[in-house]
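The structure under discussion appears below in the form of structure tokens.
The values are calculated or read from the model by the stated rules, or taken from the named source; none is laboratory data. Predicted, not measured: the structure shown is a model, and the values here were computed from it. A quick note on method: Cβ atoms are made from the backbone with ideal geometry, for glycine too, and the neighbour counts reach across all protein chains shown.
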Amino acid sequence: MAESKENVLMEKIVSLCKRRGFIYQSSEIYGGINGFWDYGPLGAELKRNVKELWWNTMTRQRDDVVGLEATIIMSPQIWKASGHVDTFSDPMIDCKTCKGRFRADQTHEIPCPQKPSKMVSECHGEKTPPRAFNLMFQTYVGPVQDDSAIAYLRPETAQAIFAQFKNVLETSRQKVPFGIAQVGKAFRNEVTPRNFTFRSREFEQMELEFFIKPDEVVEAIAGRVASTAEIGNRKSEIGNPDWGWEAWHKYWVEQRIAFYEGIGLPRTTLVEYWQKPEELAHYARACVDILFTFPFGTQELEGIAARSDFDLSQHERFSGKPMGVFEEELRTAWNQLPKEKQDALWRRYYENRKKYLVKMGVAEETAARDATEDANGLAKGQYIPHVIEPSAGVDRLILALIANAYSEDQMPDEKGKPETRVVLKFHPRVAPIKVAVLPLLKNKPELVKKAQAVRDQLRPWMNVFYDDAGAIGRRYRRQDEAGTPFCITIDFDTLGEKPELQDTVTMRHRDDGKQERLAIGELLNWLLPKIR
Ligand code: ATP
């Protein structure tokens, strides 16, 4: 049977990734290990660029977000509080005939044992009933391997942000609304890792927890909460006091889509999927998945969830440490509100707190007492912040960038004959190599010396690749496959063969092969705005 176009494309991508050193199977010399991938020289650069761009956009270029770098192994209590110990599981079934193990909701296809990038139909043998399988990797801390020493590799980076919320608040001089960002490894023992790196067992996340005031507090201070109809792209008005959770949620969805467009994923490849009420996690008020059109289907790149005050509340209950904040502004505003307004806001806050507590299994009476205490806190300027969480996967983004960049076209070879070339059309911002410096001939010391001087001039500013081996056309093709947007060729004119061209170079553009002549002295100023 002919393979589908999508499968063929996926195979080409997997093969290019290996051939050019983007992604290798982990432990390949021992037959590999399912669900684990290593990034080679080009992949490591690409990944680093993506993480740095995220970090710069989300933290350094903003006044209202700060960073965190927490440990992978944390107190197991964190995963109790977050719900991961009890509920972070997928339904798993076993096939009695082929002995395969699958996710009950994904039994139609499995990765081919010979070629993991390819999906094959699974056998129709009898299956066991589904049972819950916890996705957390478990380990032991210390020398004694008993239950008291059990710990987990984090299945997401977000929980550390909640656990350190108070420390960051107290040491960073931030005030709600503000965010804490983190990039790092996460581990999930996925039942069926699939689609190359898309679903891996070890991967990286880029997560932001953006803490905001609950709507009742916004209303107490600003007198109103902006309606969804009013909320356009209000970048210039960030932090407007009337922004409730819907405004902030919408704002972050727009910011994240703009980020993807800014690194070369066209809007047409992205889908903004608003989860239906029945799909939402019980604590979430809304969740938007940003999906990308991969060759194997349109799938999630990032989720942006409005998670209410669930996370901080859970950690407050499990740790016994207060997670709320105090704001003089709220206390003052509250005391100036008319009694009816106070009562209405008090009631709404109380109902939300009580609903949450009851859902968590707290007895009705205790929940009512605790919720009363929480709502009474408003008058004292106290509340538990809510949170908007944009959570993205680095590896999925890398795969999306490679899939989006992959193209084949016709370009004339050395003799002008058209030949098919493979080219990765990365946005220069993410490209692993920004510029290749190529002396026309390797055995002409003047050319080599000049080329090395150009390389050394550019190197402090960007990743430069120096290549003097082989015909110039072949060197261009190699850079096309690596996704290098610009190639600089040093030729005899550079040395002054045509005096008017002395100290100029050929700048060759990857996407259309066009060439132009530029002075060495202007290279840096020409390149910098294109790669940043
Ligand atoms: P999925 O439904 O695809 O399993 P999820 O909704 O469980 O994903 P989240 O828990 O929201 O994912 O994690 C946030 C992001 O982390 C995802 O959008 C994705 O980019 C990334 N991610 C999650 N699981 C994996 C994985 N197994 N491999 C690679 N990236 C992952």
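The combined condition, being within 12 Å of the ligand (Cβ to nearest atom) and in a loop (DSSP other than H, G, I, E, B), is fulfilled by Asn189. Of the strands (runs of 3 or more DSSP E) lying entirely inside region 130-177, those containing at least 2 residues that are modelled with pLDDT of 95 or more and hydroxyl-bearing (Ser, Thr, Tyr) span 138-140. Scanning region 303-343 for residues that are at positive phi, surrounded by fewer than 19 Cβ atoms within 10 Å (Cβ to Cβ) and either at pLDDT below 95 or in contact with a strand residue (DSSP E or B) (Cβ under 9 Å, 6 or more places away or on another chain) (or both) returns no hits.
For region 239-250, check the following and say yes or no: at least one residue is outside any strand (DSSP E or B), in the same structural domain as Arg60 (by TED's automatic domain parsing), acidic (Asp, Glu) and within 24 Å of Phe310 (Cβ to Cβ). Checked region 239-250: at least one residue is outside any strand (DSSP E or B), in the same structural domain as Arg60 (by TED's automatic domain parsing), acidic (Asp, Glu) and within 24 Å of Phe310 (Cβ to Cβ).
For region 372-405, residues that are buried (at least 21 other Cβ atoms within 10 Å of the Cβ), away from the ligand (no atom under 16 Å from the Cβ) and farther than 30 Å from Gly244 by Cβ total 0.
Of the numbered criteria (1) more than 28 Å from the chain's Cα centre (by Cα); (2) among the β-branched types (Val, Ile, Thr); (3) within 21 Å of Trp55 (Cβ to Cβ), the one Val430 fails is (1). Taken over region 71-96, the criterion of being touching a strand residue (DSSP E or B) at 6+ places or on another chain (Cβ under 7 Å) and at pLDDT 90 or above is satisfied by Ile72, Ile73, Pro76, Trp79. The numbered conditions (1) in contact with a Leu (Cβ under 9 Å, 6 or more places away or on another chain); (2) outside the structural domain of Leu42 (by TED's automatic domain parsing); (3) not in a helix (DSSP H, G or I) are all true for Ser391 except (2). Taking the conditions exactly as written (in a helix (DSSP H, G or I), within 16 Å of the ligand (Cβ to nearest atom) and in contact (Cβ under 8 Å) with a residue 12 or more places away in the chain), does Arg317 satisfy them or not? When the stated conditions are applied, Arg317 does not pass them. Can you tell which of Arg307, Arg369, Arg347 is among the charged types (D, E, K, R), in contact (Cβ under 8 Å) with a residue 40 or more places away in the chain and either away from the ligand (no atom under 16 Å from the Cβ) or within 30 Å of Asp395 (Cα to Cα) (or both)? Every option except Arg307 fails the conditions. Remark: pairs (first residue in region 221-233, under 12 Å from Trp248 (Cα atoms) and at pLDDT below 75; second residue of a type in the set (A, V, I, L, M) and part of a helix (DSSP H, G or I); Cβ separation under 7 Å; 6+ apart in sequence or on different chains) = Ile231/Ala247. Of the residues Glu219, Glu261, the single one that is in contact with a helix residue (DSSP H, G or I) (Cβ under 9 Å, 6 or more places away or on another chain), away from the ligand (no atom under 16 Å from the Cβ) and over 29 Å from Leu9 (Cβ atoms) is Glu219. Has region 491-506 got any residue that is among the hydrophobic types (A, V, I, L, M, F, W, C) and under 33 Å from the mean Cα position of the chain (by Cα)? Within region 491-506, none of the residues are among the hydrophobic types (A, V, I, L, M, F, W, C) and under 33 Å from the mean Cα position of the chain (by Cα).
Each residue in region 264-304 was checked for being small (Gly, Ala, Ser), within 16 Å of the ligand (Cβ to nearest atom) and either within 17 Å of the chain's Cα centre (by Cα) or not assigned by TED's automatic domain parsing to the domain that holds Ile180 (or both), and 1 of them qualify. Only a single item in (1) in contact with a Ser or Thr (Cβ under 6 Å, 6 or more places away or on another chain); (2) not in a loop (DSSP other than H, G, I, E, B) is not met by Ile180, and it is number (1).
For region 192-236, which residues satisfy the criterion of being among the aliphatic types (A, V, I, L, M) and surrounded by fewer than 22 Cβ atoms within 10 Å (Cβ to Cβ)? Hits for region 192-236 are Ile221, Ala222, Val225, Ala226, Ala229, Ile231.
Of all residues in region 322-345, those satisfying the criterion of being under 21 Å from Phe178 (Cα atoms) and not in a helix (DSSP H, G or I) are Pro322, Met323, Gly324, Val325, Phe326, Glu327. Candidates Phe36, Phe22: the one that is touching a strand residue (DSSP E or B) at 6+ places or on another chain (Cβ under 6 Å) and either among the acidic types (Asp, Glu) or touching a residue at least 40 places away in the same chain (Cβ under 8 Å) (or both) is Phe36.
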